[in-house]
Structures are given as structure tokens and as C-alpha cells.
Amino acid sequence: MIKKYIPIIIFLVIIIVYYFSTGDNLQKTANENFLEFNESNLHEEVKDVDYYAKGIKIIFSDKQYVFYPITSDLNNNSIFLSTAEKGDSIIKKPYGDTLLLKKKNGAILKYTFRKFP
């Protein structure tokens, strides 16, 4: 009778260990992404935008950054991934708390972003 539950218990233990081991790694990656992005001085044209590690990867001609934008009234509740396009410009000062997305048509949207300790 107990032998019947052993594979289920082993499976659950594996899932729990995997969950806790990857959670720390994801948090570390998010912290590293934030530090690199936070220090950046940007006034660049966007080459591509993609979803990455629960955030947004913005790709420029010679570098890329991952950040976690916040949709709010500042940007007319426009989701960054749906709004930013190739050819738009990103403007951000080092350690600034707001990023400007300048659209090809001249519209400017402001995005704050999640900060990590």
C-alpha cells in the first residue's frame, strides 16, 4: 500500500526543490538586470522589443537591457511591450526613475519601472 505513494512523494519533492532553487536564481537575475539598466544613460533608437524573464528586453544596435515597466496614467495605461516599436527612441538618465519612450510620430510616453534592492 505504501509503495504505491512513493513515486508521488518523490515527484513532489523534486518539484518543491526545483521551485525553490530556480526562484532564487530568477531574483538574482532580476537584481542584476535592474542594476545594469539603472546605471545606463540612454538616448537610443530601439531595434527590437521582446518579453524576457518576466520583464521587457529592449535591444539597441550595440547593447540590450531588461527592465520591468509599470503601466500607469503617465503612459495613458499603454502596455510597454504593445506600444514600443522598432524605430522608437528610449531616453533615460543614469539612476533616473522614469524612462521616456519617444514614438516615431513624436508622441512621448513616460514609464516608471520596478526597482530591485
Å² per residue, accessible surface of the chain at 1.4 Å: 69 Å²
Taking region 30-84, the whole-percent share of alpha-carbon pairs separated by over 19 angstrom is 28 percent
Zone of Y18's modelled label, taken as backbone nitrogen in region 45-63 under 14 Å from a point 7 Å along Cα→Cβ: none
With the dipole of the chain worked out from charges on the C-beta (+1 for Lys and Arg, -1 for Asp and Glu) around the Cα centre, which of Y65, T98, L81 lies farthest toward the positive end? L81
What does the charge dipole of region 58-117 about its Cα centre add up to, to the nearest 20 debye, if the Cβ of each Lys and Arg holds +1 and the Cβ of each Asp and Glu holds -1? 100 debye
In units of 2.2 N^0.38 Å, what is the alpha-carbon radius of gyration of the chain? 1.44
Specify whether the C-alpha gyration tensor of region 52-117 places it in the rounded, prolate or oblate class, a ≥ b ≥ c being the square roots of the eigenvalues: rounded for a/c under 1.5, otherwise prolate if a/b is larger than b/c and oblate if not. rounded
Apportionment of accessible area to carbon and sulfur, region 9-91, percent (1.4 Å): 56 percent
Across I56, I79, I14, the residue with the highest GNM fluctuation in the chain (Cα network, 10 Å cutoff) is I14
Excluding the sites themselves, what is the longest stretch of the chain that contains no chymotrypsin sites (Phe, Trp or Tyr not before Pro) in a DSSP loop with at most 13 other C-beta atoms within 10 Å? 6-94
Helix-only estimate, please: 222 nm mean residue ellipticity of the chain, summing -39500 (n - 2.57) across DSSP H runs of length 4 or more and dividing by its residues, to the nearest 500. -11000 deg cm²/dmol
Between I108 and L81, what is 0.36 nm times their sequence separation minus the Cα-Cα distance? Round to one decimal in nm. 8.2 nm
Estimate the FRET efficiency between T71 and E39 by the formula 1/(1 + (r/R0)^6), using the beta-carbon distance for r and 25 Å for R0, to the nearest 0.05. 0.55
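The values are calculated or read from the model by the stated rules, or taken from the named source; none is laboratory data. These numbers come from a predicted model, not from an experiment. Neighbour counts are summed over all protein chains in view; Cβ atoms, including those assigned to glycine, are modelled from backbone coordinates with ideal geometry. Calculation scope for accessible area: heavy atoms of the full protein, side chains included, ligands and nucleic acids excluded. Shrake-Rupley method; radii C 1.70, N 1.55, O 1.52, S 1.80 Å.
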